[in-house]
Amino acid sequence: MTTSSPTKLATDHLDARLNDARSRYVERRPRSRALADEASEVLPGGNTRTVLHYAPFPFRVAHAEGSIITDVDGHRYVDLLGNYTAGLLGHAPTPVRDAINQALDRGWAFGATHPDEITFARLLVDRFPSLEQVRFTNSGTEANLLAIAAAIHQSGRSKVLGFEGGYHGGVLYFGDHREANVPHEFVIIPYNDPLALEQAFEDHPDLACALIEPLQGSGGCIPADENLLARLRELCTEHDTTLIFDEVMTSRLSPGGAQQLVDVLPDLTTLGKYLAGGMSFGAFGGRRSIMSVYDQDSTHPLGHAGTFNNNVLTMAAGIATLTEVLIDGILERTNQRGDHLRRELNAIFARTRLPMSVTGRGSLMAFHPTAGAIKNSRDLAGLDDRWRELLFFDAIDAGFYFARRGFIALSIEIDDARVQSFIEFVDNWAETLEASN
Ligand SMILES: Cc1ncc(COP(=O)(O)O)c(C=O)c1O
């Protein structure tokens, strides 16, 4: 082990290593490169989901099954990304495929109500402690928009409390680029900052709702302080402010979601991602007294449109996911595996003194190019991203895929052996980097 500082290591070696890694990536992926060029002709930037882009170009997938993704150049990757949490079940899970096939036999665009939406709604209401009623959408973004709309409509107030670094959809983002946000009257304060929280309610006693992720997912897998969540609950109750937990990502952290883990119940919960087995999905629900604004027989109802809200493939896939796949402790085991992985990775970085760390909870985690404490997005500003980029390309070269920004969401298909092989890869990577200094 060397005694030189991580900063020196970065300055001397990082750029050269990074250039090598990028060149190797490009050389080995001629087909993906050609498709990137072709895609740019018809899709701005060559893609249709911003987060999937990274320089020089993303590999393109030909096939995916279980825990393995194969790209168009024939490279195989262990998929540690799990479609940014929507792929919790792994690729092409048989019970979901069977349910979809059976639904296809019955027809798939009714323009009418059908029994499966009741069954799926019942499963969600029984699963998440704060849900009394639920509505379906096609995405987590829509779920958040409609939850906010319910709170505003019901309270007659207009202000929405959000948290820096929070991601609730492309039009509800409280990070660096907020230009595309819907024009609500937002009050945005730092995450995990008790004083700012007290101040926000003092300055704005008329908040319609507070929207928070119990763990900021896209913002870097930063868990909320549990005392702060409890205090937020108290403040919302005191001020008649609707507390909305965005559990689009965190609902996977236990069968009853993060709300069950931290024992704080919101008034409304928004859901998305994995709950329909990887099909397009979103939902929001909570107290009957608030959800009733969407009851068209109520005195002053709010509309909730959406051609595909009760689409039969999503409903069928969701039922199969909850009744046939996420059973018998499989979710708990996946989260335990994630806790183990995160602990081991942090132990490696602490041992080698690289300026890297991993935050998160359960099956959700993110690499950060810092060894310092991270309590909110302000701690992530101005970090040297080259470490994370090098890890990303070296991991791809070794056959592991996760998000370019360092995000990992384990699927149930990632078993102990795969976790162990990734730990060994990172261990070698860190040792080699340090030894080369
Ligand atoms: C916490 C959170 N909320 C909402 C969303 C938006 O969900 P969707 O992409 O389905 O619109 C996301 C997506 O990443 C998310 O992570």
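Annotations
- Annotation: the antiparallel percentage among DSSP beta bridges lying fully within the chain is about 65.
- The calculated FRET efficiency for the pair H13 and A55, based on their C-beta separation and a Förster distance of 25 Å, comes to about 0.75.
- Note on the stretch 163-240: Cα-only Rg and Dmax are 12.3, 33 Å.
- Euclidean distance between Cα centres, the stretch 69-99 to the stretch 395-416, Å: 11
- Using the Cβ-Cβ distance between R231 and V26 with R0 = 41 Å, the FRET efficiency computed as 1/(1 + (r/R0)^6) comes to roughly 0.25.
- Cα-based Rg and Dmax for the stretch 232-353, where Dmax is the largest Cα-Cα distance (Å): 18.4, 64
- Gained length - F110 relative to Q420, 0.36 nm times residue gap less alpha-carbon distance: 106.9 nm
- Stokes-Einstein D in µm²/s, Kirkwood radius over Cα pairs - the stretch 287-437 at 25 °C with 0.890 mPa s viscosity: 132
- Radius ratio Rg over Rh of the stretch 3-130, counting only Cα atoms, Kirkwood formula for Rh: 1.13
- Annotation: amide H-H contacts under 5 Å for D246 (H modelled 1.01 Å from N, sequence separation of 5 or more, or interchain): I212, E213, T270.
- Between 0 and 90 degrees, the angle of helix 330-352 with respect to the longest Cα principal axis of the chain falls at about 40 degrees.
- Using θ = phi - 60° and Karplus 6.51 cos²θ - 1.76 cosθ + 1.60, couplings along the stretch 14-20 (whole Hz; Gly, Pro as x): 5, 4, 4, 5, 5, 4, 4
- Cα gyration tensor category, rounded, prolate or oblate, for the stretch 260-321 with a/c compared to 1.5: oblate
- Each of T70 and S436 was given a label point 7 Å from its Cα along the Cα-to-Cβ line. The distance between the two points is 3.1 nm.
- Computed packing ranks the peptides 265-275, 77-87 as 265-275, 77-87, most packed first, by mean other Cβ atoms within 10 Å.
- FRET E, pair A398, E179, Förster distance 41 Å, beta-carbon r, rounded to 0.05: 0.65
- Inter-part distance where the stretch 182-258 and the stretch 36-56 are each reduced to a Cα centre, Å: 34
- Extent along the principal axes, Cα only, for the stretch 94-325: 56, 39, 33 Å, with the longest axis given first.
- Distance in nm between pseudo-label sites at T307 and A196 (7 Å out along the Cβ direction from Cα): 4.1
- Mean-position separation - Cα centroids, the stretch 280-339 and the stretch 157-179, in angstrom: 22
- Taking the Cα centre of the chain as reference, the dipole from Cβ charges on Lys and Arg (+1) and Asp and Glu (-1) amounts to some 640 debye.
- Only beta bridges with both residues in the stretch 204-315 are counted; by DSSP, about 50 percent of them are antiparallel.
- Rg and Dmax of the chain, both derived from C-alpha coordinates alone, stand at 22.2, 72 Å.
- Whole-percent P(r), the stretch 204-284, all Cα pairs, 10 Å bins from 0: 19, 50, 26, 5, 0.
- In Hz, Karplus ³J(HN,Hα) per residue of the stretch 184-197 (6.51, -1.76, 1.60; θ = phi - 60°; x = Gly, Pro): 7, 8, 8, 10, 10, 10, x, 6, 6, 10, x, 5, 4, 5
- Rounded to whole Hz, the Karplus (6.51, -1.76, 1.60) HN-Hα couplings of the stretch 40-51, x for glycine and proline: 5, 5, 10, 10, x, x, x, 8, 10, 7, 3, 5
- Using every pair of separate Cα atoms, the Kirkwood estimate puts the hydrodynamic radius of the stretch 113-248 at 15.6 angstrom.
Quick note: the coordinates plus some simple rules give every number you see, no bench work behind them. Keep in mind it's a predicted model, so treat the numbers as computed, not measured. We place every Cβ from the backbone using ideal geometry, glycine too, and count neighbours over all the protein chains shown.
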